[in-house]
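The values are calculated or read from the model by the stated rules, or taken from the named source; none is laboratory data. Note that this is a predicted model, so its numbers are computed, not measured. Cβ coordinates were reconstructed from backbone atoms using ideal geometry, including for glycine residues, and neighbour counts include every protein chain displayed. Side chains included, ligands, DNA and RNA excluded: accessible areas come from the protein's heavy atoms. Shrake-Rupley method; radii C 1.70, N 1.55, O 1.52, S 1.80 Å.
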Amino acid sequence: MSAVRVEREDSVAVLIIDNPPVNAASWEVRNGLLAAVQSACADPALRALVLIGAGRSFIAGADIREFDKPLRDPQMPAVIAAIEACDKPVVAAIHGAALGGGFELALGCDARIATAEALVGLPETTLGIIPGAGGTQRLPRLVGTAVAIEMVSSARRVKAAEALRLGMLDAVVEGDLRAAAVRHAREMASRKRRLRDLPLPEERAEAVETAAANALARGKGRAAIAEAVAAVRDSARLPFSEALAKERATFQRLRESEEAAALRYLFFAEREAARVSGLEAAKPRPVHQVGVVGGGLMGSGIAVCFLDAGLPVTLVERDQGALDAGVERIRAIYHRGLQAGRLSQEEMAKRVACITPSLSLAALASADLVIEAVFEDMAVKQALFRDLDPLLKQGAVLASNTSYLNLDRMGAVTKRPADIVGLHFFSPAQVMRLLEIVRAEATAPDVLATALAMGKRIGKVSVVARVGEGFIGNRIYSAYRFQCEFMLEEGAYPEEVDAALVAFGFAMGPFAVSDMSGLDIAWATRKRLAAAADAATRFPEVLNRLCEKGRFGQKAGAGWYRYAQGARRGAVDPEVRAIVDAVSREKKVTRRVFTPEEIQHRALAAMVNEAALLLREKIAERASDVDLVMVNGYGFPAQRGGPLFWASRRPREEIAAALDSVAAASGAGFRRGDVDAVLDGLRPK
Ligand code: 3HC
C-alpha cells in the first residue's frame, strides 16, 4: 500500500500519510507526498489541500533509520518547496506528534491546525543534528528569534495549548480534525500564507543575546547546539534562501558525524531495551495505587516520580519525625520546580494532595505496587519483606530499590517470590532517567512486564538486568573505579584522572563523584567483597587509607579533595598526595606519568571488559542495554554512545592494548570478557 493516499472532499484534496507506526518521513512518504502535492496543484478542480496523518500521529520526523547513508531524493526540502510553489493553500492537520521534519513540513504549509493532545517541536539536537528542512528559518518568523533559539536548542516538545499561544499553531480544534481542516482550507479561499514571506517579529536585541547565551551555556560545547543557535540567528542575518541552504548543509554535515551516529544508536537502543526475552505473552498488571516504604532522599524522589505520573502514593515511615521529613522533602522538590517555573502552584497542590503519609505498613493493603527504599542492608530488607508479605493484597508487585543486594534472597523470605522485582532508581530519582529493573530467578513475566510498563509511564529509560552483585551499572562502575584507583598507585593523581575523564565528556571525574556520594559506602562494600574474594584479586588501597583518616568525602570536609562550606579547596591536597605516594612505595611500584589519553583508555577498557563479562553471564541481555545504563545513570557522555559503542568505533589494536594494561593492573584474579566478539556486533557493517 502507498504511504500517501489522496481522498477528495469536493474541491479539497486530503493527502493522508500512512506509514505505521509513527508516520516517519521515509523515502516512500516523501516521494508519495511530492507526487500527490504536484498532482493536486495541477488539478483545476481543486482549490486547496489538507495534509493529515493516519494512525497515531501526523509525522514523528525524518525516518532516522535512513540517516546512516546518503539520503535519497526527493528530500523533505523538495516536498516543502512544492507546497510553497503551489498556488493553492495547504493546511496541515496535526494530531499526535509533529516533530522534527514533521513539524517542518507543517511550517511549510499555509496553516496549521491541531487537536488538543498534539505535540509539536524540533527535537533534532537530541540526535546531534539541527533541523534540516527549514525549521530554523520558518519557526522564528512565527515565534521570534529568542523563543526559536530556546526551542531548537532545548529540543523541547510543546503541547498544543502552548504552541497555540506561541503562534506555532493557527487553531486547536475539538472533535473531527479532518472536517475542521477541510473547513479551514475552504475558508482560506485560495489565499496563500507562506511563512518564508513573513517578516521576523520585532524583538529586543538583548532578549536574543540572552537566549543565545543561555542555550550555549546549557549546550556545554556540543556542536549541534552551537550550530542550531547560529542557524536560527541566520534568519535575521541572511536572505531566506541563503539561510535555508546553509541550514541544510549544516544538517547534512552533522548527520554524518560520529556524535550523531552515537545519539541515533541510543535512540534505537532505548526502544530495543523494552523488548525483553520471555515477555512476549505477558500482560502488565494494572497499577492504580503505589506504596513507598522509606521517605529518605531516595524514597521521596521515587514518590515524586509516581505522583508526577498522576498516581497516588502512600508513603510509610517508622516514626512521625521521619514521616514528616519525607513529606517535607517531597514538598521541597515541588517547591524548587515551582520556583523554576516547571509547575504551577495549583499543580503542586494537586500532586502533594495525592500523598497519603502513614506510620503503618497496613496502609499499603490496597496498593498495587509497593517499593521499598529503606537502608541498604540485607537483614533490614528481609525483615521488611517478611512484614509486608501478609499485609499486601494478592497480586501486588513488591519491589526493592536495592542497588547491590541479592533479590532472590529477599524474595525467598516471602510466600510470593514471583511478585518480587528490583526497581533500582538513581539519585536524585525524580531527575535521573535510568531505571534498572532487576529480574530475580522467580520473578513472574507479568511482574516484569508491570515494571517495564511503569518505567514507561513515569518516563524512565528502563533496562532489565538479572541478579548479580551491583547488577549492570554498579558492577561496571566499580570495575572502572578500581582501575582509576590502580592508576593512582602506578603514578597518576586524583585530579589528573578526574581531569582526563571530564575532558572525555563525563560531567564529573570518578574521584569528585566519590567525594559527593561518600567513600564510606565503598569502603564497607570492599571490606565485604575482600573477605569473600580469593587472594589473587587485587584491591586498591588508597581509599582505605583515606577512610581510616575519616576522609569520607564532602560531608566530612575531606575525601579525595578538601572542602570548605561544600566547595572544593584547591585542586591538590598535599595530604592525599602523600598517601598516594606512600601506597606506591609500599607496593614497590615505580611511579610514572600517565597521559590523559592513557587514563581514558584504561578506565574505559575496564568498563568494556566488565560489560563483556556481564553479557557472558547473561546479567545484561544485550550490548546496547549496557550503554544505556552507563549513559543514563552514570554520566557517560551520550555523544559517545556508551562505553561499548565508543570502543566499537576505535581501532581494534588500541582497545586490545588498553585491555592488556587493565589485565596487567588487575592481578592474577582478572577475568577477560569476549570483548572483540561483543564489539564486532556493534561495528559498522
Ligand atoms: N524514525 C524512525 N523510526 C521511528 C522514529 C523516527 N523518527 N520515531 C519513532 N520511530 C519508531 C521507533 O523506533 C519505534 O519502533 P519499534 O516499535 O520498532 O521499536 C516506533 O517508531 C514507536 O516509537 P516509540 O516506541 O518511541 O513510540 P512512542 O509512542 O513512545 O513515542 C514519538 C512516539 C514521540 C513519536 C517518539 O517515537 C519520538 O520521539 N520519535 C522521534 C522524534 C524525533 O526525534 N524526530 C526528529 C527526527 S530528525 C528530523 O526530523 C530531521 C529533519 O529536520 C530533516
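The table below lists the values:
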{"item": "Pairs with Cβ under 8 Å, 6+ apart, first in the range 298-325 and within 16 Å of Ala363 (Cβ to Cβ) and surrounded by 15 or more Cβ atoms within 10 Å (Cβ to Cβ), second at pLDDT 95 or above and aromatic (Phe, Trp, Tyr)", "result": "Val313/Phe306"}
{"item": "Arg253 vs. criteria within 14 Å of the ligand (Cβ to nearest atom) and without any contact (Cβ under 8 Å) to a residue 60 or more places away in the chain", "result": "yes"}
{"item": "Tally of residues being open to solvent by 30 Å² or more (accessible area, probe 1.4 Å), charged (D, E, K, R) and over 17 Å from Gly411 (Cβ atoms) across the range 454-468", "result": "2"}
{"item": "Every residue from the range 540-562 that is over 15 Å from Arg577 (Cα atoms) and either modelled with pLDDT under 95 or under 33 Å from the mean Cα position of the chain (by Cα) (or both)", "result": "Pro540, Phe552, Gly553, Gln554, Lys555, Ala556, Gly557"}
{"item": "Enumeration of residues in the range 126-149 that are under 20 Å from Glu84 (Cα atoms), within 11 Å of the ligand (Cβ to nearest atom) and either without any contact (Cβ under 8 Å) to a residue 12 or more places away in the chain or of a type in the set (S, T, N, Q) (or both)", "result": "Thr136"}
{"item": "Hits in the range 24-54 (condition: more than 10 Å from the ligand (Cβ to nearest atom) and under 26 Å from the mean Cα position of the chain (by Cα))", "result": "none"}
{"item": "Flag for Thr450 being more than 30 Å from Pro574 (Cα to Cα) and of a type in the set (S, T, N, Q)", "result": "yes"}
{"item": "Count of the range 528-539 residues which are assigned to a helix (DSSP H, G or I) and more than 34 Å from the chain's Cα centre (by Cα)", "result": "3"}
{"item": "The range 331-375: number of residues that are surrounded by fewer than 14 Cβ atoms within 10 Å (Cβ to Cβ) and aromatic (Phe, Trp, Tyr)", "result": "1"}
{"item": "Any chance Ala181 is surrounded by 16 or more Cβ atoms within 10 Å (Cβ to Cβ) and within 16 Å of the ligand (Cβ to nearest atom)", "result": "no"}
{"item": "Arg569, sole failed condition from (1) out of contact with any His (no Cβ under 8 Å at 6 or more places or on another chain); (2) closer than 27 Å to Ala269 by Cβ", "result": "(2)"}
{"item": "Residue in the range 1-23 that is farthest from the ligand (Cβ to nearest atom), counting only those that are closer than 19 Å to Asp110 by Cα, touching a residue at least 40 places away in the same chain (Cβ under 8 Å) and crowded, with 20+ Cβ neighbours inside 10 Å", "result": "Val12"}
{"item": "Which listed residue is of a type in the set (Gly, Ala, Ser), surrounded by fewer than 21 Cβ atoms within 10 Å (Cβ to Cβ), within 15 Å of the ligand (Cβ to nearest atom) and touching a residue at least 12 places away in the same chain (Cβ under 8 Å), from Ala60, Ala106, Ala78, Ala97", "result": "Ala78"}
{"item": "Members of the range 112-142 that are in contact with a strand residue (DSSP E or B) (Cβ under 6 Å, 6 or more places away or on another chain), open to solvent by less than 10 Å² (accessible area, probe 1.4 Å), among the hydrophobic types (A, V, I, L, M, F, W, C) and not in a loop (DSSP other than H, G, I, E, B)", "result": "Ile113, Ala114, Val120"}
{"item": "Residue in the range 112-125 that is farthest from the ligand (Cβ to nearest atom), counting only those that are touching a Phe, Trp or Tyr at 6+ places or on another chain (Cβ under 7 Å) and aliphatic (A, V, I, L, M)", "result": "Val120"}
{"item": "Hits in the range 66-75 (condition: assigned to a helix (DSSP H, G or I) and either modelled with pLDDT under 95 or more than 14 Å from the ligand (Cβ to nearest atom) (or both))", "result": "Asp68"}
{"item": "Residue that is closer than 30 Å to Glu66 by Cβ and not in a strand (DSSP E or B), where the choices are Ala303, Ala367, Ala325, Ala261", "result": "Ala261"}
